[in-house]
Amino acid sequence: MRLHALFIGLAWLAAAPAEAQVTPAYLDETIPVEERIEDVLNRMTTEEKVAIIHAQSKFSSAGVPRLGLPEIWTTDGPHGIRPEVFWDQWDQAGWTNDSCVAFPALTCLAATWNPEMARLYGKSIGEEARYRKKDVILGPGVNIYRTPLNGRNFEYMGEDPYLAARMVVPYIRGVQENGVATCVKHFALNNHEVNRHNTNVVVDDRALYEIYLPAFKAAVQEGGTWAIMGAYNLYKGQHACHNKYLLNDILKKEWGFDGVVISDWGGTHHTMEAIQNGLDLEFGTWTNGLAGGAKKAYDNYHLALPYLRLIREGKVGTDELNDKARRVLRLMFRTTLNPHRPLGSMLSEAHYDAARRIAEEGIVLLQNKGGLLPIDLSRVKKIAVIGENAIKMMTVGGGSSSLKVQHECTPLDGIRRRVADSVEVVFARGYVGDVSGEYNGVTTGQDLRDDRTPDVLRDEAVRTATQADYVIFFGGLNKSAGQDCEDADRAGLSLPYGQDSLIAALAKANKNLIVVNVSGNAVAMPWADDVPAIMQVWFLGSEAGNAIAAVLTGDVPPSGKLPFTFPAKLEDVAAHSLNAYTGERKRGIVDIEYKESIFVGYRWADKHTDKEPLFPFGHGLSYTTFDYGKPRVDAKSMFPDGKVTVSVRVKNTGKRTGQETVQLYVSDKKASLPRPVKELKGFQKVTLAPGEEKEVSFIVTREALSFFDDRKHAWVAEPGTFEALIGASATDIRGRVAFTLKTDD
Ligand code: GLC
């Protein structure tokens, strides 16, 4: 009997169709993923390897259909998931199911000084990307704020490398837990927009390693980002998208980056450099990032047929090709080939809640003379809301981070919704700035046209102001060209559209004036002494109005702190004081020397105390007050492999619950090379009820004491005396305590 059964079994097996599907080994999860990557690589032809290392459409790259490897889809941007575009165009494709939640711009996230908000941000935007079947988010950006004129500072995380590093890591982890890659950008030294394709940055190693690289290094080594985007500019004469120094030497060798280097769109200019200098996935060639280019040009990309020809002609080997393809395959296994990815979600209440919470925590109360804020609605009959930025949608425009939102609550909407029928809210336009509302075919639907003259508009605004209990002016910038926008810088520090004189007139008309500045950059405020309350809000996204109204009325206490210095005037900024920036568009390579070296932002201001900032780095008021005790150390000295714990008690001495971000700066009292007076090396945001007191502690290790010694090409911490400074901002130092670093025991 058994023999009979065996015969039948063998017969069945012999008859089994040859194409019986078995899971290919490279999808067998019992095999280590790196072995599976090698397995796939060995199965691929040279043509297939070349096919996966360059774009096949505006935002996607090819898979390998023969092996069942899916395409990779990328999407902008750092603040929300961009609408679908046509296969080979920038313009949106007009889908009806691709609206998104717009989260606040990343300057707002940095201004929260709260890594939990960064994690929430990454998780939420990662869910939206996953649901939209996107495998790579083209962001976040962490380029350092070197000039307040940079059109894209609103997409970045401020002037300090430590703050940017601490905030980018949780964002990355939050996104990537969805099986979606972040593509941290723009690596590196993309610190202004004018001449962005032809600027060759000349910078010393100290500034490169101490200021411009740390956030990227943290993104790689702590955040584990699966992709990095090369910048448009050049460094040492090579475009950053194929730069031996930045990509091969630093990113991949020194830092051990195992992910994919993606070019910026139109950032690839040279075939052999693209092959040899670390570029892994070429996108957007034939376009300068935002303009039209050759259609269906993908086979002409540098890493396409030109590369294949060089290989076939024996002019280049395949080592670089295998490394590129291996990295792209690794990205696939982390995303499209990951069967355990969550499903994602979109437009959920949780995402709107996250957008609102991040916005609320990022709003910075710059000034509040006489405690004018919060507005006590029980004692107010009429509020005048004035200014175009109270009604203008800000989610459309600004460049590649432009979005098509499901909805956006404007400041006027938010205030009206919050006060309901209890208070009369009247509006006056005040000025006409930018009436457009379109980008890549996405329109806001707003008709902001207003043909009245500036004088008529101003007279109406002043008249409206005189008749109200409170006046809230919404001004600032608006992401139109030259007003915080990609591919253009601002012409100066001043507000546009005659806002300064209008604000001065409103200050005369009503003493209860609150100025709410909407921008991603510092602006000049010549009227600051005449305005009791000033609030810095960012481009806050879908929940802008609700967040602003909550803070204005005290539902939520303001807790944001500036992620960059507000200079009193442009000449107080290092890059401008040293004539180390040009706003002039030029042809050919434009060398820009970062003459200030490491002295950027407060690091510069601390060395030039005659140039008092208007508002310092780390500044932000609350609706309560905080008292700091004397900082203490648990030991007066430490060995290089040891640590010192700095502690300080903080007490809420006011009548309202509030959040305070306690900042730790470290000062090296004697070093063999120039160092800043102090540098941010820790921060903690604490919530305190009235009268409540908490102890905040910081662990200081050698890393916090080190500087990059370009003579040795190494980080060094020199023995000697250091000071820990505890502050509520870079200039509001509440206490300091010394300790020493001993030599090696
Ligand atoms: C743009 C930007 C980059 C963006 C890319 C795709 O030019 O520089 O940040 O992700 O092209 O839109």
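The values are calculated or read from the model by the stated rules, or taken from the named source; none is laboratory data. Fair warning: this is a prediction, and the values are worked out from it, not measured in the lab. Cβ atoms come from the backbone with ideal geometry, glycine included; neighbour counts cover every protein chain shown. The protein model used for the area step is the full one, side chains on, heavy atoms only, and it has no ligands, DNA or RNA in it. Shrake-Rupley method; radii C 1.70, N 1.55, O 1.52, S 1.80 Å.
For Asn114, indicate whether it is among the polar types (S, T, N, Q), modelled with pLDDT of 95 or more and over 21 Å from the mean Cα position of the chain (by Cα). Judged against the criteria, Asn114 is not a match. Of all residues in the range 568-591, those that are part of a loop (DSSP other than H, G, I, E, B), open to solvent by less than 10 Å² (accessible area, probe 1.4 Å) and more than 20 Å from Asn198 (Cα to Cα) total 0. Can you confirm whether Ala93 is more than 13 Å from the ligand (Cβ to nearest atom), open to solvent by less than 10 Å² (accessible area, probe 1.4 Å) and under 24 Å from Thr444 (Cα atoms)? In short, no. Of all residue pairs spaced 6 or more apart or on separate chains, those with beta-carbon atoms under 6 Å, a first member in the range 380-396 that is closer than 16 Å to Cys485 by Cα and assigned to a loop (DSSP other than H, G, I, E, B) and a second member that is open to solvent by 20 Å² or more (accessible area, probe 1.4 Å) and of a type in the set (D, E, K, R) are Met393/Glu408; Thr395/Glu408.
Of the candidates Glu38, Glu29, the single residue that is over 30 Å from Gly682 (Cβ atoms), assigned to a loop (DSSP other than H, G, I, E, B), among the charged types (D, E, K, R) and open to solvent by 40 Å² or more (accessible area, probe 1.4 Å) is Glu29. Candidates in the range 270-299 are the residues that are at pLDDT 95 or above and part of a loop (DSSP other than H, G, I, E, B); of these, the one that is nearest to the ligand (Cβ to nearest atom) is Phe283. Of all the residues in the range 630-653, those that are more than 30 Å from Glu718 (Cβ to Cβ) and either open to solvent by less than 20 Å² (accessible area, probe 1.4 Å) or in a loop (DSSP other than H, G, I, E, B) (or both) number 3. Within the range 339-360, the set of residues being touching an Asp or Glu at 6+ places or on another chain (Cβ under 9 Å) and among the acidic types (Asp, Glu) comprises Asp353, Glu360.
Selection of the range 491-512 for residues being open to solvent by less than 40 Å² (accessible area, probe 1.4 Å), in a loop (DSSP other than H, G, I, E, B) and either more than 22 Å from Pro411 (Cβ to Cβ) or touching a strand residue (DSSP E or B) at 6+ places or on another chain (Cβ under 7 Å) (or both) yields Gly492, Leu493, Leu495, Asn510, Asn512. Here is the figure for the range 167-208: residues that are within 30 Å of Arg587 (Cα to Cα), among the polar types (S, T, N, Q) and more than 16 Å from the ligand (Cβ to nearest atom) total 1.
All conditions in (1) in contact with a Leu (Cβ under 8 Å, 6 or more places away or on another chain); (2) without any contact (Cβ under 8 Å) to a residue 60 or more places away in the chain; (3) surrounded by fewer than 24 Cβ atoms within 10 Å (Cβ to Cβ); (4) more than 26 Å from Arg603 (Cβ to Cβ) hold for His242, with the sole exception of (3).
Per the conditions (1) within 15 Å of the chain's Cα centre (by Cα); (2) closer than 29 Å to Ser61 by Cα; (3) more than 16 Å from the ligand (Cβ to nearest atom), the sole criterion not satisfied by Gly158 is (2). How many residues does the range 304-324 hold that are touching a Ser or Thr at 6+ places or on another chain (Cβ under 9 Å) and within 25 Å of Ile31 (Cα to Cα)? Within the range 304-324, residues that are touching a Ser or Thr at 6+ places or on another chain (Cβ under 9 Å) and within 25 Å of Ile31 (Cα to Cα) number 1. The residue list Glu84, Glu128 contains one member that is charged (D, E, K, R), surrounded by fewer than 24 Cβ atoms within 10 Å (Cβ to Cβ) and at pLDDT 95 or above, which is Glu84.
How many of the residues in the range 209-228 are more than 16 Å from the ligand (Cβ to nearest atom) and touching a Phe, Trp or Tyr at 6+ places or on another chain (Cβ under 8 Å)?
From the range 209-228, those more than 16 Å from the ligand (Cβ to nearest atom) are 209-214, 217-218, 220-224; that's our starting set.
Of the ones still in play, those that are also touching a Phe, Trp or Tyr at 6+ places or on another chain (Cβ under 8 Å) are 209-210, 214, 217, 220-221, 223.
Matching residues across the range 209-228 total 7.
Can you find a residue in the range 444-453 that is assigned to a strand (DSSP E or B), modelled with pLDDT of 95 or more and within 28 Å of Asp76 (Cβ to Cβ)? Among the residues of the range 444-453, not one is assigned to a strand (DSSP E or B), modelled with pLDDT of 95 or more and within 28 Å of Asp76 (Cβ to Cβ), which makes the answer no. So in the range 229-266, with the set limited to residues that are assigned to a loop (DSSP other than H, G, I, E, B) and acidic (Asp, Glu), which one is nearest to the ligand (Cβ to nearest atom)? Step by step, filter the range 229-266, then rank; the result is Asp264. Being over 31 Å from the mean Cα position of the chain (by Cα) and open to solvent by 10 Å² or more (accessible area, probe 1.4 Å) is a property that holds for Lys669.
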